[in-house]
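Notes follow the structure.
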Amino acid sequence: GRCVSIYHGVTIGAKNLPDTADILRGNKEKRHPTVESGCVICANAQILGKDTVIGENSIIGAMARVTRSVPPNSIVYN
């Protein structure tokens, strides 16, 4: 999204790595979460999973681990 603030040490990634054969075949399946506009992701947070969506204007607190989608205008903290 637009106007997203991501602080240091944040991980935005896949829960599982694809099979090597899929990579060699050129499989371009989405592997990373979606972060919508206006979000703030604080230091050392982890957002994992290809189907995970961080809704607009949400705040992910420091050290939070997110593996499920978050509705818009939410605050998630550890």
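The values are calculated or read from the model by the stated rules, or taken from the named source; none is laboratory data. This is a predicted model, so every value here is computed, not measured. Positions of Cβ are generated from backbone atoms using ideal geometry, with glycine treated the same way; all protein chains shown enter the neighbour counts. Heavy atoms of the whole protein, side chains included, go into the accessibility calculation; ligands, DNA and RNA do not. Shrake-Rupley method; radii C 1.70, N 1.55, O 1.52, S 1.80 Å.
Scan around Ile47 for amide H atoms under 5 Å from its own, H built in the peptide plane at 1.01 Å from N, and keep only partners 5 or more places away or cross-chain.
When sequence neighbours closer than 5 places are left aside, the close amide H contacts are Thr11, Ile12, Gly13, Val66.
Mind putting a number on the dipole of the chain about its Cα centre? Charges go on the C-beta only, +1 for Lys and Arg and -1 for Asp and Glu, and I need it in Debye to the nearest 20.
100
Give the relative contact order (percent, whole number) for the chain; include only Cα pairs under 8 Å separated by 6+ residues.
After rounding, I find 29 percent.
With each run of n ≥ 4 DSSP H residues scored as -39500 (n - 2.57), what mean residue ellipticity at 222 nm is computed for the chain after dividing by its residue count and rounding to the nearest 500 deg cm²/dmol?
Taking each H run of at least 4 residues, the total per residue is -1000 deg cm²/dmol.
Would you mind checking which residues have amide H under 5 Å from Ile6's amide H? H placed 1.01 Å from N; only 5 or more apart, or other chain.
HN-HN under 5 Å from Ile6: Ile41.
Accessible area per residue for the chain in Å², computed with a 1.4 Å probe and the full protein assembly in place, what is it?
68
Say each of Lys50 and Lys15 gets a label point 7 Å from the Cα, pointing the same way as Cα to Cβ; how far apart are those two points in nm?
1.2
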